[in-house]
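**Q** Mind looking over this structure? Questions follow.
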Amino acid sequence: MNEPIISAHGVQHVYQRKAVLNQVNLDVPEGAVLGLVGRNGAGKSTLLRSLVGLTVPDKGFCKLGGCFSTGLSDSVRERLGYVAQTPDLFDWLTVDAHFERIGSLYAHWDQAHAHALAAQLALPLNTKSKDLSLGDQQKLSVVLALGHDPDILILDEPVASLDPMTRRAFMRALFDQRSSERQRTVIISSHLLSDLERVVTHVAFMREGRIQLMDEWDALTEHLRLVKVKDTEVPRGAIFQSRPAEQGLWLVDTRLPGALSDGRALNLDDLFLELNS
């Protein structure tokens, strides 16, 4: 089997005696679009920073493109685009000057493509980043991540400050026809679950520094059911008890032997609620 293009192995990160990440294992196949979902403080941003090498785990390791994240090669960096939760920009540079400065670092930077993306996102080229709205700063971060046509994209809440029309334009830009023959692999963290539901192939749910559940999104929608049972009975195929025990609600995987299959199907919002109640 081919090695996953993005992976985390036994990753643990402790901050002020609290495990921000607790033995996280993650394998993302090439070409996947993984939605990383969880409440604030679940560890999503720390995991993404670990994947791109900006945070060094206390235990375990991460890999991108077959390379350890703590020592990414130039060839892997060329393939990577990353958008942080908080835009990291040069206050004194205009949007277009950012394209010149950042573009000089990449062999395959396409200035025409960056300008086309900026136009698509209604991003003003001649404004300094310190004078941009937070939404426009996010747009600039996105264009800087996409301007060299990367095939590995790590995006941490990239559209949180964008209006619905701009979010739609961003999603189109994310999946537009690319010049590279390589498949693009994406991890995108977002609280806007309805946006994620339209584009993801896989979903990983995080809670308190752990991966609660990860699978292909089509498999989760087809096979997971919310089942109500009496008293303390545990239904066949149960994988998670949802909400207080007295409510008798369980998530059931109908693929498991003898599992009940008469429960309610769930969308992404539903599943997030049941895993975090």
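The values are calculated or read from the model by the stated rules, or taken from the named source; none is laboratory data. Quantities reported herein were computed from a predicted structural model and do not represent experimental measurements. With ideal geometry, Cβ positions are generated from the backbone for all residues, glycine too; neighbour counts draw on all protein chains shown.
**Q** Considering only residues that are crowded, with 18+ Cβ neighbours inside 10 Å and over 23 Å from residue 168 (Cβ atoms), which ones fall in the range 107-126? Steps first, please.
**A** Keep residues of the range 107-126 that are crowded, with 18+ Cβ neighbours inside 10 Å, which gives 109, 113-114, 117-118, 121, 123.
Within the range 107-126, just 109 meets the criteria.
**Q** Of the residues 251, 273, which is free of Cβ contacts under 8 Å to residues at least 24 places away in the same chain and not in a loop (DSSP other than H, G, I, E, B)?
**A** Only one candidate qualifies: 273.
**Q** Another one. Kindly list the number of the only condition in (1) touching a Leu at 6+ places or on another chain (Cβ under 8 Å); (2) at pLDDT 85 or above; (3) assigned to a helix (DSSP H, G or I) that fails for residue 219.
**A** In the conditions (1) touching a Leu at 6+ places or on another chain (Cβ under 8 Å); (2) at pLDDT 85 or above; (3) assigned to a helix (DSSP H, G or I), residue 219 misses (1) alone.
**Q** Does residue 103 satisfy the condition of being of a type in the set (Gly, Ala, Ser), more than 24 Å from residue 191 (Cα to Cα) and either modelled with pLDDT under 95 or surrounded by 19 or more Cβ atoms within 10 Å (Cβ to Cβ) (or both)?
**A** yes
**Q** Out of all the residues in the range 212-220, is one or more in contact with a Phe, Trp or Tyr (Cβ under 8 Å, 6 or more places away or on another chain), closer than 17 Å to residue 51 by Cβ, crowded, with 16+ Cβ neighbours inside 10 Å and not basic (Lys, Arg)?
**A** yes
**Q** Another question, if that's okay. Let me confirm something: among 24, 28, 11, which residue is free of Cβ contacts under 8 Å to residues at least 60 places away in the same chain, among the β-branched types (Val, Ile, Thr) and surrounded by 18 or more Cβ atoms within 10 Å (Cβ to Cβ)?
**A** From the options 24, 28, 11, the qualifying one is 11.
**Q** Turning to a different aspect of this structure: How many of the residues in the range 63-118 are touching a residue at least 40 places away in the same chain (Cβ under 8 Å) and basic (Lys, Arg)?
**A** Summing the residues that are touching a residue at least 40 places away in the same chain (Cβ under 8 Å) and basic (Lys, Arg) in the range 63-118 gives 2.
**Q** When you go through (1) at pLDDT below 90; (2) of a type in the set (Val, Ile, Thr); (3) farther than 28 Å from residue 9 by Cα one by one for residue 86, which number turns out not to apply?
**A** (3)
**Q** Then there is this: Among the listed residues 17, 79, which satisfies the condition of being among the charged types (D, E, K, R) and more than 24 Å from residue 142 (Cα to Cα)?
**A** 17
**Q** Collect the residues in the range 242-256 that are under 27 Å from the mean Cα position of the chain (by Cα) and at pLDDT 85 or above, keeping them in residue-number order.
**A** Matches in the range 242-256: 250, 251, 252, 253, 254, 255.
**Q** Okay, next question. Could you tell me which residue of the range 219-274 is farthest from residue 40 (Cα to Cα), considering only residues that are β-branched (Val, Ile, Thr) and in contact with a Pro (Cβ under 9 Å, 6 or more places away or on another chain)?
**A** 229
**Q** Limited to the range 227-240, what total is found for residues that are crowded, with 18+ Cβ neighbours inside 10 Å and assigned to a strand (DSSP E or B)?
**A** Here the count works out to 2.
**Q** Given 133, 129, 161, 141, which one is in contact with a strand residue (DSSP E or B) (Cβ under 9 Å, 6 or more places away or on another chain), among the polar types (S, T, N, Q) and surrounded by fewer than 22 Cβ atoms within 10 Å (Cβ to Cβ)?
**A** After ruling out the rest, the residue left standing is 129.
**Q** Looking at 46, 86 in this structure, which one is surrounded by fewer than 16 Cβ atoms within 10 Å (Cβ to Cβ) and closer than 30 Å to residue 17 by Cα?
**A** Answer to the selection: 86.
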